[in-house]
Amino acid sequence: MDLRLYTREFRYNLQLAYPVIVGMLGHTFVQFIDNVMVGQLGTAELAAISLGNSFIFIGMSLGIGFSTAITPLVAEADAAQLPERAKAVFGHGIIWCTILGLLLFLGVFLTKPLMYQMGQPPEVVELAFPYLKWVAVSLFPLVVFQAFKQFTDGMSLTRYAMYATVLANLVNVLVNYVLIFGKWGFPQWGVTGAAVGTLVSRITMLVALILLMRFHKKLSFYIKGLFRIAFSNGLMKKLFSLGFPSALQMLFEVAFFTSAIWVCGMLGKNPQAANQIALNISSMTFMVAMGLSVAAMIRVGNQKGLKRFSDLRRIAQSVFLLTLLIDIVFAVTFILGKDAFPWLYLERSTASDVLEVVAIASSLFWVAAFFQIFDGAQVVALGALRGLQDVIVPTWICFAAYGLVGFPVMMYLGLYTDLAATGVWIGLLSGLVASAAMLYLRFQHQSRKLTQLHGDTA
């Protein structure tokens, strides 16, 4: 095998991926800033952020997952030089995301009674809900933003969502600082202040991206007269047929990781806080794989539109290889930094609660190091399959891997053995290994079938 056939694609893969990575990191960075600043208030407050975000992540997964339907359809239309088709996909995608954003806000907002029935510490629940209700409002601008972002991604113009996200995060840091700690004459709102900062940043993000598109030479065409396009039931159904399974897949994945938060909460506030630290840092490295997943989706969608199926397989394999190399570096970093990372979130102290959180988090990073590789592999395989517009079977693969493999292992090792929180993360690892293996084999099968049936017609 000539590796140069694959490595020569690395440069363009990274050109597409890095703005997406920065943008996706922006979403995670919002939680990172909330965690770091609120962690200075105490372990109960940090656990409250963890509990509140567990519901938010579920809402985000549905919104972001559904919006991914826009990207492969736009990428295919753009490669085939069909701008009116791309514009129609964009307009109908915004309609879907607006409806979904409102429904998600209402759904998350009404979850307070559920918190008391989950066996979580009462003091944590009381701190969590004020945070949750404000961040629930932010789901609406976030999901609408995703419609605009997925469109620009499909046009291979991934930088503009990045610019909007960077600006939003600067706003988030400023508002958090002012409202969490009561600076410059503003009230000290603590956990609630972090939530308001998240809301303000996500409104900023949406407005900034719309303005960037409005004044961009190429993208302005797609903004002007957007809502005067003819309504198409067929296109709405197409977006739903792609978006709903993708949303379910992301829901399964996020629910899987959210269950880890809840199981750790059943073990106590300190295991829950430690889990949040490890999960937050793992989420940030995962965004690199997410960016590469989008690059795979765009490039596979482009090649599908051009009917170049041999190139499609080669380009996808190049993204797999690049992701593997990067995730190996992350794995080594996690092992080397396992004792230092927890102190990023906690005020240095010899208090027993703080030392226990640090010790638990350090052990979790050992497991997190290994699942970096499999988490990256499975999300890139999903991106490549979405580029093929193959979404139903991958959804059931994720359900089987997480629900039938990972979750039972997590529950048994976490609640019924001395491994406790570490056992929870071994369960996470087992689900990711199963998902990565099955999704990669699915892509190999589907792409090989296309090559055999059609060959390269362009």
- Message: Along the Cα→Cβ direction, 7 angstrom out, place labels at residue 333 and residue 224. What is the inter-label distance in nm?
- Response: 4.3 nm
- Query: Roughly speaking, what is the centre-to-centre gap between segment 349-427 and segment 240-258 when only Cα atoms are used, to the nearest Å?
  - Reply: 16 Å
- Query: In deg cm²/dmol and to the nearest 500, what is the mean residue ellipticity at 222 nm of the chain if only DSSP H runs of at least 4 residues count, each as -39500 (n - 2.57), divided by the residue total?
  - Reply: -28500 deg cm²/dmol
- Item | Karplus-derived HN-Hα couplings along segment 177-183 (A = 6.51, B = -1.76, C = 1.60, θ = phi - 60°), whole Hz, x at Gly and Pro | 4, 5, 8, 5, 9, x, 8
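Taking only the Cα atoms of the chain, how large is their convex hull per residue, in Å³?
Working: hull volume 63.9 nm³, N = 458.
Convex hull of Cα atoms, per residue: 140 Å³.
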- Cα radius of gyration and Dmax for segment 289-423 (Å): 19.1, 62
- Task: Give the calculated FRET efficiency between residue 347 and residue 236 to the nearest 0.05, with a Förster radius of 35 Å applied to their Cβ-Cβ distance.
- Result: 0.10
- Quick one: P(r) of segment 64-161 from all Cα-Cα pairs, 5 Å bins, percents rounded to integers, in order of increasing distance. 2, 14, 19, 16, 12, 10, 9, 7, 6, 3, 1, 0
- Query: What whole number of Å gives the distance from the Cα centroid of segment 77-140 to the Cα centroid of segment 170-202?
  - Reply: 21 Å
- Query: Which whole-Hz ³J(HN,Hα) couplings does segment 318-330 yield from phi under the Karplus relation 6.51 cos²θ - 1.76 cosθ + 1.60, θ = phi - 60°, glycine and proline marked x?
  - Reply: 5, 5, 4, 5, 4, 4, 4, 4, 5, 5, 5, 4, 4
- Query: On a 0 to 90 degree scale, rounded to 10, what angle separates helix 269-306 from the longest Cα axis of the chain?
  - Reply: 0 degrees
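Near residue 2, within a Cβ-to-Cβ distance under 11 Å, what is the net charge of the other residues, with Lys and Arg +1 and Asp and Glu -1? Display every interim value, and only then the final one.
Values: positive: 4, 8, 314; negative: none.
Neighbourhood net charge equals +3.
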- Task: Would you mind putting 132-140, 98-106, 293-301 in packing order, based on average other-beta-carbon counts within 10 Å, highest first?
- Result: 293-301, 132-140, 98-106
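If the viscosity is 1.002 mPa s and the temperature 20 °C, what translational diffusion coefficient in µm²/s does Stokes-Einstein give for segment 318-360 when Rh comes from Kirkwood over Cα pairs? Each step should come with its number before you reach the end.
Numbers: Rh = 12.3 Å.
Rounded to a whole number, D works out at 175 µm²/s.
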- Task: Could you point to the residue in 199, 158, 259 farthest towards the positive end of the chain's charge dipole, with +1 and -1 charges on the Cβ of Lys/Arg and Asp/Glu respectively?
- Result: 158
- Message: Could you derive backbone 3J(HN,Hα) for segment 61-75 from the dihedral phi with the Karplus parameters 6.51, -1.76 and 1.60 (θ = phi - 60°), listing whole Hz in sequence and x where the residue is Gly or Pro?
- Response: 4, 5, x, 5, x, 5, 5, 5, 4, 5, 4, x, 5, 5, 4
- Task: For residue 441 and residue 355, compute 0.36 nm times the residue count separating them, minus their Cα-Cα distance, and round to one decimal in nm.
- Result: 26.6 nm
- Message: Quick check: residue separation of residue 15 and residue 159 times 0.36 nm, minus the Cα distance between them. What number comes out in nm?
- Response: 50.9 nm
- Message: Quick query: amide H of residue 338 versus all other amide H atoms, modeled in the peptide plane; which residues come in under 5 Å with a sequence gap of 5 or more or a different chain?
- Response: none
- Item | Within segment 239-263: backbone nitrogen closer than 19 Å to the residue 80 label point (7 Å, Cα to C-beta) | 239-243
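What do you get when you divide the Cα radius of gyration of segment 111-183 by 2.2 N^0.38 Å, with N the number of residues?
Details: Rg = 16.9 Å, N = 73, 2.2 N^0.38 = 11.2 Å.
Compared with the compact-globule rule of thumb, segment 111-183 sits at 1.50.
Could you grab the relative contact order for the chain? Cα pairs under 8 Å, six or more apart, rounded to a whole percent.
On the way: 768 pairs, mean separation 102.7, N = 458.
Relative contact order here is 22 percent.
Readers should treat all values here as calculations from the given coordinates under stated rules, not as data from a laboratory. Note that the coordinates shown come from a computational prediction; the quantities given were computed from them, not determined experimentally. Note: ideal-geometry Cβ built from the backbone for every residue, glycine included; neighbour counts use all protein chains shown.
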